[in-house]
Amino acid sequence: MRLYILQFFLIIAIHVNAQSVNGKVTNIFGEPLEGATIYWIKAQQGTAADELGTYTLARSPIEGDSLLFSFVGFKDELIYPGTLDYWEIQLLEDANLSQIDITAKKQATSYVEGPYKVEGIGVREIERAACCSLAGCFSTNASVESVTTNIVADTKELQILGLSGVYNQLLVDGVPLIQGMSLPLGSGSYPGTLLDQIFITKGAGSVLQGAQGISGQINIITKKAEDNPRLFLNAFANSFGESQYNANVIIKKPSWSHVLAIHNTQPAGIRDINNDGFRDIPATERFSIFNKFSFRQNQESKFKSEIAFRYWTEKRTGGHIDFDPDQAFTGTNYGQIINVDHMDATVKMNYSLGDNTAITLTQSGFYQEQDNLYGLRTYEGTQLNLNSNLFVDYFFGENDHNLKFGISNIHNDIDQLLTTNVPGDAFDLLNNYDHFDNIYGAFAETIWNQDMFTIILGMRTDHFGEFGWKTSPRMLIRAEVNESTDIRFSIGKGYRKAYPLAERGQLLSNNRKLIIDPQLAPEEAINIGINGVYKHTFSFANMTLAADAYQTIFQNQIFPNYERSATRIYLNNFYGTSISNSFQIENKWEFGNNLDFKWAYSYLDVYQIQAQEKIELPFTTNHKWLANASWSTDRDDWQIDITYSYKGSKILPGMSDFPEELQRDSRAPSFSLVNSQLTKRWQNLEIYGGVENIFNFFQSDPIVSVDNPFSQYFDTSFTWGPTKGREFYIGVRYGLE
């Protein structure tokens, strides 16, 4: 998967009878590459470099064997060591197939070495909680919040900087596959057992993946053949009656590899902890199958490619506990049904034009069908999304400078049909809410490394149909103050085309009439950020302190307006002042290999200026705290994890137009949650179990007018906290190398 240029230094004299090979792996700046793999090709034996980049590997029993040095994001090195027993080697950055990538290490959260501040969540962090899907992988993370958008169907979005999930890019192995119609359920469709790493970047990132990333980027890296067991099985069940089953099968060959992952979810039973007559958890049936093929004829081959495809089908049924899908539209019991059929595919090809130049082509796309019921409304939709990206990657100036330039195209064909039996409810069927867009553009990005500074300058221009060309300049400056301290400043502009009904299905889950401007312009915003990371090694622990502050300034924002009327939701272009301010500080301590602890505080201020008055936008928590501790035994056979989170008060939509008996407080109260998990490990087997929401906190009244769900005041928009109560779970993992 990676092209690599041989560059080595002979350090120690020949030792004919040496029984091992050892040395060090670094980048071109001499920084150690912790986790780099060193692998005998014929013997199929290997090891990984430690935190200093050093390694020791027993000699291959096969005469004439070659050593492969690899680190994701860098170019492979293949050497024939002969009788030499010491190799210190430097790896060069690759024209990578996925733009933010790193070797999947069995570790928890870390900050990835590189120009951008990238927070990497490893397998160990993912396994610290139930993490049944991508949406559940952030309970121990302060940068991303998984927020419930539709309490009846339990749909979620991933928010960064306090902004809706539509403003960050969700990438799968570096390509955008979770967008548009796939966004409401997409983060729940990727099982946690498929993920090797999750990378989080705040603010305006690289221009390579498009202009859409305004608040940040989440890049999930799926399992790689070289880093994982040939067979992996996982089974999970919780106290709500839901169960999940996963199987990963990996084939490793010299010139190709294959990853197959199968997932199945069986529905929970009926639960109504607050006795409001509605299911706390929808009945979810999900099946997915994922295939990834990687090809490389040999280690010296100039051409490499990767092909991945996935099929995913899901049905969610929520609503009244007595809801019968066969009696929909009768007005007897309220129900919601979401039916999804989804197929996606990705093709990546990389060809080396020489030691310093490579060309990369990525093609990705998905097709999704939905047939949904929301009480007395139906939504039928299809989306065909195609994304193409072609760029040249050129290293110059003794390979410490880089230039990327290329072209891209995004094609979206969305067909949507809404029907309703809600009295007084009507949709503009002539408009039909369809979309047909071809957004094509060009981009260039250069990286300069000079002494203590790294400077990234990027520019792209995209054509948004009738709205013309939009230019997105971006800049990042990184200063390595010393070996322990990095400071970064970034600024950039982003644009995105909004698809309100496809992206925000929760708008249909209440009985408010939707008023959508037929001429929604592209949303645009400027993001400015500064962050710093400081690391220090004490005699008893390693400490990392990170802080960041970001401001997002919208020039046009399409935010659902719940305030103008109790019976309507308005979606219009807003060209006034709309700002999100975010500040976060995080402190992590690692006490040897047994104990690590981290805490984080986040402050959010998200508002608009309307009629010269500051209006705080609803659903945003101003103050958040998070703390997590993980302890394991010396042999790593037992592990316990405890997580505490606090979420402060948040403003809710105004209810002055609602009948008095339905009105609620203007702000939601603060609350705290505590989760815990215990894991027992054997050689190939793990058993884990835990409790989420130990103290059984839940919101008692998440639905307005719950006793009259077919009235115009029925509203699911006032959810501010958990509604399921305490959850017990148990699972088992088995891996065969």
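Note on LYS253, LYS513: ascending count of other Cβ atoms within 10 Å places them as LYS253, LYS513, the fewest first. Computed from the alpha carbon atoms alone, the convex hull of region 432-484 holds 103 Å³ per residue.
Taking θ as phi - 60° and the Karplus parameters 6.51, -1.76 and 1.60, the scalar couplings of region 606-620 work out to 10, 7, 10, 9, 10, 6, 6, 10, 6, 10, 5, 6, x, 6, 10 Hz in sequence order, x denoting glycine and proline.
Shape class for region 125-210, computed from the alpha carbon gyration tensor (a ≥ b ≥ c): rounded, with a/c under 1.5. Classify region 36-75 as rounded, prolate or oblate from the Cα gyration tensor: take a ≥ b ≥ c as the square roots of its eigenvalues, call it rounded if a/c is under 1.5, otherwise prolate when a/b beats b/c and oblate if not. Oblate shape, in that a/c is at least 1.5 and b/c is the bigger or equal ratio.
Assign one of three labels to region 220-736, namely rounded, prolate or oblate, based on the Cα gyration tensor with a ≥ b ≥ c the square roots of its eigenvalues; rounded applies when a/c is under 1.5, prolate when it is not and a/b is larger than b/c, and oblate otherwise. Taking the square roots of the gyration eigenvalues as a ≥ b ≥ c, region 220-736 is rounded. Placing a pseudo-label 7 Å from each Cα along the Cα-to-Cβ vector at GLN327 and TRP469 gives an inter-label distance of 6.2 nm. Over the chain, what is the percentage of antiparallel beta bridges among all DSSP beta bridges, to the nearest 5? Percent antiparallel among DSSP bridges in the chain is about 95.
Ordering THR56, VAL166, SER143 by the projection of their Cα atoms onto the charge dipole of the chain, which places +1 on the Cβ of Lys and Arg and -1 on the Cβ of Asp and Glu, puts THR56 at the extreme positive end. Applying a threshold of 19 Å to the alpha-carbon distances of LYS253/LYS292; LYS253/LYS304; LYS470/LYS497; LYS513/LYS614 flags LYS513/LYS614 as lying beyond it. Extension gain, LEU78-PHE597: 0.36 nm per intervening residue step, less the Cα-Cα distance, totals 183.0 nm. Dipole magnitude for region 220-736: computed about the Cα centre from +1 point charges on Lys and Arg Cβ and -1 point charges on Asp and Glu Cβ, it is near 1060 debye. Taking other Cβ atoms within 10 Å as a rough exposure proxy, ARG733, ARG726 sort from fewest to most as ARG726, ARG733.
Calculate I(q)/I(0) for region 436-570 by the Debye formula, one identical point scatterer on each C-alpha and no solvent, and give its log10 at q = 0.14 Å⁻¹ to two decimals. So the normalised log intensities are -0.85. The order of MET349, MET343, MET181, going from fewest to most other C-beta atoms within 10 Å of their C-beta, is MET343, MET349, MET181. Just from its helices, what would the mean residue ellipticity at 222 nm be for the chain, if runs of 4 or more DSSP H residues each count -39500 (n - 2.57) and the sum is divided by every residue, rounded to the nearest 500 deg cm²/dmol? -500 deg cm²/dmol, from helical runs alone.
All of the numbers you see were taken from the coordinates with simple rules; none came from a lab. A quick note: this is a predicted structure, and the numbers were derived from the prediction, not measured. Please note: Cβ atoms are built from the backbone with ideal geometry, for glycine as well, and neighbour counts cover all protein chains shown.
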